[in-house]
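**Student:** Take a look at the following structure, please.
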Amino acid sequence: MDKKIIKKEYDSKVKLLIKYDKFYYENSDPKVSDKEYDDLKKEILKLEKKYPDLKSDYSPSKKVGHKPSKNFKKDFHRVPMLSLANAFTENDLINFEKKINNYLSKSDSYKIFYSAEPKIDGISASLTYKNGKLEKGLSRGDGKEGEDITNNLKTISDIPHNINSKDFPEEIDIRGEVFIKNSEFKNLKEKFANPRNAASGSLRQKNPEDTKKIPLNFIAYTYGFEKGLNIKNQSDFLEKLNEWGFKTNSLNKLISGVKNLILNYNEIEKQRANLDFDIDGIVYKINDFDIQKRLGNIANAPRWAIAHKFSSSKGISEILDIDIQVGRTGALTPVAKIKPINIGGVIVSNATLHNEDEINRKDIRIGDTAVIERAGDVIPHILSVDKQKRPKNSKKFIFPKNCPSCGSETIKEFNKVTKKVDAVRRCSSEGYYCDKISIEKLKHFVSKEAFNIDGFGKKIVENFWKLKLIKYPQDIFNLDFSKIENLEGWGKLSVQNLKYSIDQKKNISLERFIYSLGIRHIGLENAKLLSKHFVSFSKFKNLSKQIDYEDMLNIDGIGETQVSSIKSFFSNKANKNVINKLENVLLIKDAVQNSDDGLLNNKTFLVTGKLNGISRAEVKSLIEENSGKTISSVSKKLNFLIIGEKPTKKKVDYAKQLKIKVIDQAEFLKMLNKST
Ligand code: IVH
């Protein structure tokens, strides 16, 4: 055969393989089945063997970053791996500090010390040591359950296998970031979009020998489960980590005061370009471990830490079109399709325009030249448009009055709390009637914090939807696998894997189940509250009577907005049907009730007035930790009304009328055997 033709064929196969790799690593969206991928690789190797001078630099024989295994064993983190809330401005930091002071019931002059640590943009991992020996290494996964990548982590030279220091805890999960240096990434540029993807790809290799070929680093910064850690604060902990043989970031600092945080932030941002690793912000953690414990977590982020993201990069491009996307809750979001442009190392071709009001306020039009801003992992947005460069025939953008997906009328709701008309326009159809809403609901249903079905990502939802394989959540559990097996990009093995992942998730907690339904205003935290309140699925499911709804208002944290949203959810036949159908295929576990051996077991509390040295939120956690419950109003259900300074007279009077015990702070603390 003509050498030229062979070379062409060879090159196109290699190119295809690179494309598949990119899809796998960067989009977590494999375009082909394992078998197809392996066959392609074999064909390339066969050609190389036959024609030895063919070899390309990207040959799979030379390549280290080939397709990793998707099937690592899973394991639970004994202490969840949390994420962090973001701050962008000085004001965000001031608010962060204020909230902490409020929770701790301290005045604003209270001096908080923070450990300020550059936030490396890599992949986090948790290393379990028992008696100084590295036993296990997990990836973050969904924060609760990670993948067992012990053997790959063990190839990283920054990770000690044995620690002999006397003061090293008997048992501890050391957590930190796996990353690749920019100087090393230079040689891998062709294969990965950025250093983070390269690190992720390398860590997920099937064969640790392949992991070894990409030079990974590890920086330690926190711990999970521990037994025998006798350290009082984060800065001492970081120092200890060094003594024990871990690397820590040399730019970590102990700082107090928002002004000083800003000075440090500016200083580090200046150095950012010259660092040999990518950072996307600075993490601030309250230094004192006791205070960290008092503050605890909200949903899946600690109250005691925040990530201060670096400012954005900007770029100028042209708005080619304005698309209207329909979200899970029916919100219409305008998105500008822009001429692709590289902003800070990422190719941007979409930018959000937020809502109708924003378009009108900035008079944004198709054809405009716009300034686009991108900050970290936040969706890029349009800052402004240059009206001078506007084409003469340009027309004002008219926001559609009907849903672009189902044609239903769109509405702007009146918010009873803020007493303002919502800036967001919504599709007025009820849930599953609108295709776009349905698809988004399904994406939410399989998402990380909901059912978290491995390998069932957004792309697959869209694909299966188009093929009419799914329309409602229950369809996911009744898939026709024989059909899927014959689809392009699927094979026996990948279908088997998918079936396995789906089966695994049939056993689900009530909390996740409620969250996955995608009821408006019911996020993670509220789903948790509801699950605690109802305890069993059957109670939740049979929610229908007025009294049940009124009862829900008693849940501390649930208000009118949430209750009316749940009400309208349950009044919809399609939603009820989904719940019934899901019930047939799932095993929904009862909520784990707080242990009932606490001092306040079976007792309910309500606070009125200001307490001394302790905030409402902290009192609430204290009560719950001791198996008690807080409720949000005075009723027959209340056992104790705790009064502080300036209590609401109405509450006290009503409590007395109902013969409820009224106690002060000291009496309350006495119930807990505490004096202060
Ligand atoms: S602490 C409970 N410290 O940021 C606090 N995280 O959004 C959570 N990260 O998944 C972790 N540098 O991958 C912490 N010095 C640092 C960090 C850091 C980078 C990453 C980590 C985590 C993410 C949280």
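The values are calculated or read from the model by the stated rules, or taken from the named source; none is laboratory data. All of these numbers come straight from a predicted model, not from anything done at the bench. In this analysis, Cβ positions are derived from the backbone assuming ideal geometry, glycine residues included, and neighbour counts consider all displayed protein chains. The protein model used for the area step is the full one, side chains on, heavy atoms only, and it has no ligands, DNA or RNA in it. Shrake-Rupley method; radii C 1.70, N 1.55, O 1.52, S 1.80 Å.
**Student:** Within region 301-327, can you find the residues that are in a loop (DSSP other than H, G, I, E, B) and under 22 Å from residue 98 (Cβ atoms)?
**Tutor:** Those that are in a loop (DSSP other than H, G, I, E, B) and under 22 Å from residue 98 (Cβ atoms): 303, 304.
**Student:** Find the residue count for region 135-147, including only residues that are in a strand (DSSP E or B) and among the basic types (Lys, Arg).
**Tutor:** Number satisfying all stated conditions: 1.
**Student:** So how many residues does region 305-349 have that are of a type in the set (Lys, Arg), surrounded by fewer than 18 Cβ atoms within 10 Å (Cβ to Cβ) and either at pLDDT below 95 or touching a helix residue (DSSP H, G or I) at 6+ places or on another chain (Cβ under 6 Å) (or both)?
**Tutor:** Number of matching residues: 2.
**Student:** Please go through region 617-660 and pick out each residue that is crowded, with 20+ Cβ neighbours inside 10 Å and farther than 18 Å from residue 597 by Cα.
**Tutor:** Hits for region 617-660 are 619, 634, 638, 640, 641, 642, 643, 651, 655, 660.
**Student:** Looking only at residues that are surrounded by fewer than 18 Cβ atoms within 10 Å (Cβ to Cβ) and either of a type in the set (Lys, Arg) or not in a loop (DSSP other than H, G, I, E, B) (or both) in region 114-134, which one is nearest to the ligand (Cβ to nearest atom)?
**Tutor:** 130
**Student:** Pick out the one residue from 379, 411, 398 that is part of a loop (DSSP other than H, G, I, E, B), free of Cβ contacts under 8 Å to residues at least 24 places away in the same chain and either open to solvent by 80 Å² or more (accessible area, probe 1.4 Å) or over 30 Å from residue 285 (Cα atoms) (or both).
**Tutor:** When all the criteria are applied, what remains is 398.
**Student:** Kindly evaluate residue 368 against the criterion of being in contact with a helix residue (DSSP H, G or I) (Cβ under 9 Å, 6 or more places away or on another chain), open to solvent by less than 10 Å² (accessible area, probe 1.4 Å) and of a type in the set (Asp, Glu).
**Tutor:** The answer is yes for residue 368.
**Student:** Taking region 480-502 only, how many residues are surrounded by fewer than 17 Cβ atoms within 10 Å (Cβ to Cβ), of a type outside the set (Ser, Thr, Tyr) and within 28 Å of residue 577 (Cα to Cα)?
**Tutor:** 4
**Student:** Still on this structure, please answer the following. How many residues does region 180-199 contain that are touching a strand residue (DSSP E or B) at 6+ places or on another chain (Cβ under 7 Å) and open to solvent by less than 30 Å² (accessible area, probe 1.4 Å)?
**Tutor:** 4
**Student:** From the list 540, 570, which residue is closer than 14 Å to residue 510 by Cβ, touching a residue at least 12 places away in the same chain (Cβ under 8 Å) and either out of contact with any Asp or Glu (no Cβ under 8 Å at 6 or more places or on another chain) or surrounded by 16 or more Cβ atoms within 10 Å (Cβ to Cβ) (or both)?
**Tutor:** Step by step, each of 540, 570 is checked, and only 540 is closer than 14 Å to residue 510 by Cβ, touching a residue at least 12 places away in the same chain (Cβ under 8 Å) and either out of contact with any Asp or Glu (no Cβ under 8 Å at 6 or more places or on another chain) or surrounded by 16 or more Cβ atoms within 10 Å (Cβ to Cβ) (or both).
**Student:** I'm checking my understanding of the structure. Among residues of region 57-79 that are buried (at least 16 other Cβ atoms within 10 Å of the Cβ) and either over 30 Å from residue 501 (Cα atoms) or at pLDDT 90 or above (or both), which one is farthest from the ligand (Cβ to nearest atom)?
**Tutor:** Among those that are buried (at least 16 other Cβ atoms within 10 Å of the Cβ) and either over 30 Å from residue 501 (Cα atoms) or at pLDDT 90 or above (or both), it is 59.
Here is a yes/no grid of residues against (1) among the acidic types (Asp, Glu); (2) modelled with pLDDT of 90 or more:
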site: 565; (1), (2): no, yes
site: 573; (1), (2): no, yes
site: 590; (1), (2): yes, yes
site: 597; (1), (2): yes, no
site: 606; (1), (2): no, yes
site: 625; (1), (2): yes, no
